[in-house]
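First the structure, in the form of structure tokens, and then the observations on it.
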Amino acid sequence: MVTIGQQLKTIRRILNLNQAQMCAGILSESFYSKVERGVSDVSFTKLLALLNIHNISLYDFFETFDEENLPNVKLKKEIHSAFNNRDISQLRKIKDSLDDTKSVESLKINLMLASLNDHVYKVPEEIQENFKAKCLKVNLRQQKDFWNLAISTSLYNFSELRSLMDYILENTFTLDLTDDTMLISLMNLIINYMDRCYHEMRTDNIHEIESFVEQVPDAYAIIFHKLIVKYYLALFDKNDQLAVQIKNLLNKSGYQRYVATLPIIK
């Protein structure tokens, strides 16, 4: 599998840069050389800084090389399925089973685990600011799924996520909502966004999201996700009775693991 170092090397060659130009003072040239060769690991903050200074969004870093990084479709489905089910133990098992701890798959799982454990990578604010609106480079007409965006919501500030969701809601006519993979990944993005809204006490476009989710066909693949959305809406509306009913239903239906990652009813 392709490593982070190999991807950085590929990007560097595409940009026609030497190693000194690529590390741009963020890393020493000798250390950067070791990263490309897989001898040393680059920290997540330094990786973001490198991508940022060369105007490459984290989304593009994942998406550009997805076909090369995930030739094993089974592995990709296992990772996304575990995230979709909020199965932290399974994600850890998959991560431990990977031969290369520096692979993109491992980095993605780290992002998932941070999100599900309610942890956020400590990325300097100046780097976060430079990522603003880059998620809007998404071309919905060519979008296969929203997994990369759903996985990385914790890296963006709220204004970025708000812009992204508004953009998607305004252009839903371009999406194939009969595609289960598209729907499930989109619902994961929506749920992660609603979680951010709840924790940051933002209700700006919650009702627009509610209207969109209600219009989405009741496909079997996302019935559960719609219930999660209703749970968050109950929290926003301070309808504790409904929230408790939904939580009890989820527990009785075997979704205790997912329930454990939901906000506690106050």
Practice task
Go through Y232, Y198, Y167, Y220 and list them by solvent-accessible area, largest first, probe radius 1.4 Å.
Solution key: Y220, Y167, Y198, Y232
Completion exercise
Diffusion coefficient in µm²/s returned for segment 165-266 by Stokes-Einstein, Kirkwood Rh over C-alpha pairs, 4 °C and 1.567 mPa s, is 92
Fill in the blank from the handout: So the FRET efficiency between S89 and T181, C-beta based with R0 = 25 Å and rounded to 0.05, is 0.55
Handout entry: Calculated from backbone phi, Karplus (6.51, -1.76, 1.60) coupling profile of segment 112-118 in Hz, x at Gly/Pro
Key = 4, 5, 4, 5, 6, 8, 6
Problem - Carbon plus sulfur fraction of accessible area for segment 170-266, probe 1.4 Å, in percent - result: 51
Handout entry: Loop-located trypsin sites (Lys or Arg not before Pro) in segment 11-53 whose Cβ has at most 14 other Cβ within 10 Å (DSSP)
Key = R37
Handout entry: Inter-probe distance in nm under a simple model that places probes 7 Å from Cα toward Cβ, at T203 and N110
Key = 3.8
Exercise for the section: Beyond 21 Å between alpha-carbons counts as too far, so tell me which of K77/K108; K34/K74; K9/K34; K226/K252; K9/K108; K76/K144 fall in that bin. Expected result: K34/K74
Fill in the blank from the handout: For 244-253, 187-196, ranked highest to lowest by mean beta-carbon neighbours within 10 Å, the order is 187-196, 244-253
Practice task
Could you state the accessible area per residue of segment 140-244 in Å², with a 1.4 Å probe and every protein chain left in place?
Solution key: 45
Exercise for the section: Extending each Cα 7 Å along its Cβ direction at V244 and L98, get the distance between those two points in nm, one decimal. Expected result: 4.2
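The values are calculated or read from the model by the stated rules, or taken from the named source; none is laboratory data. What you are looking at is a predicted structure, and each value in this text was computed from that prediction instead of being measured. Note: ideal-geometry Cβ built from the backbone for every residue, glycine included; neighbour counts use all protein chains shown. Ligands, DNA and RNA are stripped out before the accessible areas are found, and what is left, the full protein with its side chains, is counted by its heavy atoms. Shrake-Rupley method; radii C 1.70, N 1.55, O 1.52, S 1.80 Å.
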